[in-house]
1. Could you please find all residues in segment 22-38 being free of Cβ contacts under 8 Å to residues at least 60 places away in the same chain and not in a helix (DSSP H, G or I)?
2. Looking at segment 103-121 only, could you name the residues that are out of contact with any strand residue (DSSP E or B) (no Cβ under 8 Å at 6 or more places or on another chain) and assigned to a loop (DSSP other than H, G, I, E, B)?
3. Take the residues in segment 53-68 that are of a type outside the set (Ser, Thr, Tyr) and modelled with pLDDT under 95, then tell me which one is nearest to the chain's Cα centre (by Cα).
4. All but one of (1) within 12 Å of the chain's Cα centre (by Cα); (2) in a helix (DSSP H, G or I) hold for MET92; state the number of the condition that does not hold.
5. So which residues in segment 1-20 are surrounded by fewer than 21 Cβ atoms within 10 Å (Cβ to Cβ), more than 18 Å from ASN49 (Cα to Cα) and either among the charged types (D, E, K, R) or modelled with pLDDT under 95 (or both), if there are any at all?
6. VAL19: free of Cβ contacts under 8 Å to residues at least 40 places away in the same chain and either in contact with a Phe, Trp or Tyr (Cβ under 7 Å, 6 or more places away or on another chain) or closer than 17 Å to PRO108 by Cα (or both), yes or no?
7. For segment 1-20, how many residues are hydrophobic (A, V, I, L, M, F, W, C), closer than 18 Å to GLU87 by Cβ and part of a helix (DSSP H, G or I)?
8. Name the pairs whose Cβ atoms lie under 6 Å apart, with the first residue in segment 103-120 and under 22 Å from ASP59 (Cα atoms), the second modelled with pLDDT under 95 and surrounded by 14 or more Cβ atoms within 10 Å (Cβ to Cβ), and 6 or more positions between them or separate chains?
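The values are calculated or read from the model by the stated rules, or taken from the named source; none is laboratory data. Everything numeric in this text was worked out from a predicted model, so none of it was measured. With ideal geometry, Cβ positions are generated from the backbone for all residues, glycine too; neighbour counts draw on all protein chains shown.
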Amino acid sequence: MHIALIAHDGKKADLVSFVLQNKELVEGAEIYTTATTGLHMERAGLDVNKVLSGPRGGDAQIAAMVATGKINVVIFFRDPLDKHPHEPDVQMLMRLCDVHNVPLATNPAGAALILKGLKEI
């Protein structure tokens, strides 16, 4: 299982907290993150594979991994109340998840449902 974990700046702490509270759901998975999110994950003691930061192309890198079948699940805690200069990359990532039928969660409730469902398979 290959999981991408991404969060806008205002949601990074929420994502780290979610992963720490649900460690058993990501246990054994290969985790990919954008650079800054990955730094937060590493500070919390999690082992991750980092790509570029989102604004520098990391969202596009994750999208390419989705398109080539290297990512099975994307969890992207988005901040819907703030503007983001790389929003076109975010939209591309979400579109590619739909095109390639890759589960995508943008909030903790959706992420928990997807990860619990995958553990039961």
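1. Answer for segment 22-38, where residues must be free of Cβ contacts under 8 Å to residues at least 60 places away in the same chain and not in a helix (DSSP H, G or I): GLU27, GLY28, ALA29, GLU30, ILE31, TYR32, THR33, THR34.
2. If the condition is that a residue be out of contact with any strand residue (DSSP E or B) (no Cβ under 8 Å at 6 or more places or on another chain) and assigned to a loop (DSSP other than H, G, I, E, B), then ILE121 is the only one that fits.
3. Here the residue is ASP59.
4. Status for MET92: all satisfied but (1).
5. Listed by number, the residues that qualify are ASP9, GLY10, ASP14.
6. Judged against the criteria, VAL19 is a match.
7. Selection size over segment 1-20: 0.
8. Pairs found: THR106/ARG78; LEU115/LEU25.
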